[in-house]
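Chemist: Handing you a structure now.
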Amino acid sequence: MSLAVKEKNQVRLVFLGAAGVGKTSLIRRFLLDTFESKYKRTVDELHSKEYEVGAMKIKIEIMDTSGSYSFPAMRKLSIQTSDAFALVYAVDDADSFQAVRTLRDEILDIKEDKYTPIVVIGNKTDNLSERQVSAEEVMSLVELEWNNRYLESSAKDNANVAEVFRELLQQANLPSRLSPALRRRRETFPTGNKSRPPMNKTNSCIIS
């Protein structure tokens, strides 16, 4: 079977994790290349982005979920309708990694597929002096026992953010040409309509 047959042109990614671990910050850094240091509680938000790869249009939907877990039915629906999962914890918060363990079990239970694409992300590496979670231990667990991908990142320092999304897109089986192009993408964000925040709009991107 050729690669073109396996690839698809639409995917939904969902970011899950405890409150305050930086899910929204990672998404905002990727979409807008900005960082907001003041924490704001997130209500589930769906962001959409379109790419053009040659003659093919690629649509990426990114679901940013609340970390409060107050709405299990909404979380279940997000899991059911998504193609790849980013499980985010903060390297300076051991409890947030325990939440990742629970979420992974929930995803596998709902999807009924042990090969579901999952990337575990240790965020906030800009605060390594307060590290509570060992990178070596997590990597051993995630990559050797869970057979998932593990990355550390910092939305604040823009460290490994593009790599997080590149890995998610590759695991979700989007065209391989898209992933390396993330580093040199040219983005156009709509202006003029200020009644809605830019992150909630569909942005266009031409990949050369």
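Chemist: Between S153 and residues 5 or more places away or on another chain, which pairs have amide H atoms under 5 Å apart, with H built 1.01 Å from N, and which residues are they?
Modeler: Long-range HN contacts for S153: G122, N123, K124, T125.
Chemist: I've got another one for you. If you wrap a convex hull around the Cα atoms of the range 77-165, how much volume per residue is inside, in Å³?
Modeler: Values: hull volume 8.1 nm³, N = 89.
Spelled out: Cα convex hull of the range 77-165, divided by residues, is 91 Å³.
Chemist: Amide H neighbours of G17 under 5 Å, counting only residues 5+ apart in sequence or on other chains, H built in-plane at 1.01 Å?
Modeler: It is V88, by chain and number.
Chemist: Just check the range 120-166 against the gyration tensor rule for me: Cα atoms, a ≥ b ≥ c as the square roots of the eigenvalues, rounded for a/c under 1.5, and otherwise prolate or oblate depending on whether a/b exceeds b/c.
Modeler: Oblate is the answer for the range 120-166, as a/c is 1.5 or above yet b/c matches or exceeds a/b.
Chemist: I've got another one for you. Per residue, what volume in Å³ does the Cα convex hull of the range 56-129 take up?
Modeler: 122 Å³
Chemist: Just to confirm my numbers, what's the Cα centroid distance between the range 112-126 and the range 156-173 in Å?
Modeler: Value for the Cα centre distance between the two parts: 11 Å.
Chemist: I want the local charge near I110. Using Cβ-Cβ distances under 13 Å, sum +1 for each Lys or Arg and -1 for each Asp or Glu among the other residues. Write out the running numbers ahead of the final one.
Modeler: On the way: positive: R75, K76, R104, K111, K114; negative: D105, E106, D109, E112, D113.
The answer is 0.
Chemist: How much length is gained if the chain between A19 and N173 is pulled fully straight, taking 0.36 nm per residue apart and subtracting their Cα-Cα distance, in nm to one decimal?
Modeler: So the chain would gain 52.6 nm between A19 and N173.
Chemist: How about the range 66-139: which GluC sites (Glu not before Pro) there lie in a loop by DSSP and see at most 12 other Cβ atoms within 10 Å?
Modeler: Of the GluC sites (Glu not before Pro), the ones in loops of the range 66-139 whose Cβ has at most 12 other Cβ atoms within 10 Å are E112.
Chemist: Which trypsin sites (Lys or Arg not before Pro) from the range 54-122 combine a DSSP loop assignment with at most 14 other Cβ atoms within 10 Å? Let's see the in-between values first.
Modeler: Numbers: sites: K57, K59, R75, K76, R101, R104, K111, K114; in loops: K114.
The qualifying sites are K114.
Chemist: How much length is gained if the chain between N147 and T81 is pulled fully straight, taking 0.36 nm per residue apart and subtracting their Cα-Cα distance, in nm to one decimal?
Modeler: 21.6 nm
Values quoted throughout were computed directly from the atomic coordinates according to the rules given, and no laboratory measurement underlies them. Small disclaimer: the values here were computed from a predicted structure and weren't measured. Glycine gets a Cβ as well: all are built from the backbone with ideal geometry, and neighbour counts include every protein chain shown.
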